[in-house]
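The values are calculated or read from the model by the stated rules, or taken from the named source; none is laboratory data. Quick caveat: nothing in here was measured; it's all calculated off a predicted structure. Please note: Cβ atoms are built from the backbone with ideal geometry, for glycine as well, and neighbour counts cover all protein chains shown.
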Amino acid sequence: MAYSDAVATFRTTIQLQTRRFAEWAIAPVARTGITPNGLTVIGLFLNIGAGVVLASGEWFPGGVLVLVAGAFDMFDGALARVMNQRTAFGAFLDSTLDRYSEVAVLVGLQLAFLRAAESDLTMWVGVTLAMVILANSLMTSYARARAEGLGLDCEVGLFQRPERVIGLGAALLLPYNAMIVVLTLVALGTLVTVYQRVLHVWRLTASERTQ
C-alpha cells in the first residue's frame, strides 16, 4: 500500500470513529429542539468570540475557545445525522460560516501579535504566519469547491479543517516560542494541502491533456 493510501485509510478510520462519538455525544441535544443549523450559527459566534478574546491579548482562553468552537464542526453534522435532517442548504451554510469563523479567529490572532509582540521581528513573524494560514485555509476550501463544481472529488490533503483547528487551538495553549513553532508547522501544512489538491486535480484531468 502506498504511503498516501495508508494516510487516507488512517484518516478515514479516525473520521468514522470521531463521527460515531459525536453522534453518541450529541444525541441528548436532539431532544432539546435545537436544529443543526442553529448549532452551526452558535459555532460561528463562538469563533467570533475567540477572535475577540485573542485580539484582546488573551492567548490561552482564546485557544480554549478555538477548540470548543471547533467541536461544533463535528456536532452540527452529527446532529443532522441523528435527526435525519441532512440538507443541501445545511451543508452550504456550514461551509460558508466555517470560512467566516476562520477569518474571525485568524484576524484576531493577527491583532494579538500586533499588540503583544516584544519586538518588530516577532510581531511581523506572528502576523505573517497568521496571514499565511488564513490565505491557505481559504484556498484549501476554494480548491475543493472549484473541483467539485467541475464534478471532481477533492477531499484530500494533509491539513483539512479539523487539523487546522486542532493545530491552531493547541498552539495557542503553548508558551510563546513553542506557539510560533507550531504555527509555522500549521502554515506549512496548509500550504502543502493546497499543493496536494492542485496536484490531485491535475492527475484527475490527465486524460484531457493526452487527447
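Hey, can you tell me all the residues within segment 166-195 that are surrounded by fewer than 18 Cβ atoms within 10 Å (Cβ to Cβ), more than 17 Å from G70 (Cβ to Cβ) and in contact with a Leu (Cβ under 8 Å, 6 or more places away or on another chain)?
Listed by number, the residues that qualify are I180, T184, V192.
Within segment 181-196, can one find any residue that is touching a residue at least 60 places away in the same chain (Cβ under 8 Å) and in a helix (DSSP H, G or I)?
no
Could you tell me whether I133 is β-branched (V, I, T), surrounded by fewer than 17 Cβ atoms within 10 Å (Cβ to Cβ) and assigned to a helix (DSSP H, G or I)?
Judged against the criteria, I133 is not a match.
Based on this model, can you work out whether E163 counts as under 27 Å from A69 (Cα atoms) and of a type in the set (D, E)?
yes
Looking only at segment 39-62, decide whether some residue is more than 14 Å from the chain's Cα centre (by Cα) and farther than 30 Å from L174 by Cα.
Checked against the condition, which is being more than 14 Å from the chain's Cα centre (by Cα) and farther than 30 Å from L174 by Cα, segment 39-62 yields no hits at all.
Just checking, which of I42, I34 is under 28 Å from G108 (Cβ atoms), in a helix (DSSP H, G or I), out of contact with any Lys or Arg (no Cβ under 9 Å at 6 or more places or on another chain) and at pLDDT 80 or above?
I42
So which residues in segment 16-40 are in contact (Cβ under 8 Å) with a residue 12 or more places away in the chain and β-branched (V, I, T), if there are any at all?
T18, I26, V29, I34, T35, T40 - these are the residues of segment 16-40 that are in contact (Cβ under 8 Å) with a residue 12 or more places away in the chain and β-branched (V, I, T).
Are any residues in segment 31-42 buried (at least 18 other Cβ atoms within 10 Å of the Cβ) and not β-branched (V, I, T), and if so, which ones?
Within segment 31-42, P36, N37, L39 meet the criteria.
In this structure, does I133 turn out to be at pLDDT 95 or above and more than 22 Å from L204 (Cβ to Cβ)?
yes
Report whether or not A171 is assigned to a helix (DSSP H, G or I), closer than 13 Å to V201 by Cβ, in contact (Cβ under 8 Å) with a residue 40 or more places away in the chain and more than 12 Å from the chain's Cα centre (by Cα).
no
How many residues are of a type in the set (F, W, Y) and either loosely packed, with under 15 Cβ neighbours inside 10 Å or free of Cβ contacts under 8 Å to residues at least 24 places away in the same chain (or both) when one looks only at segment 137-165?
Total meeting the criteria: 1.
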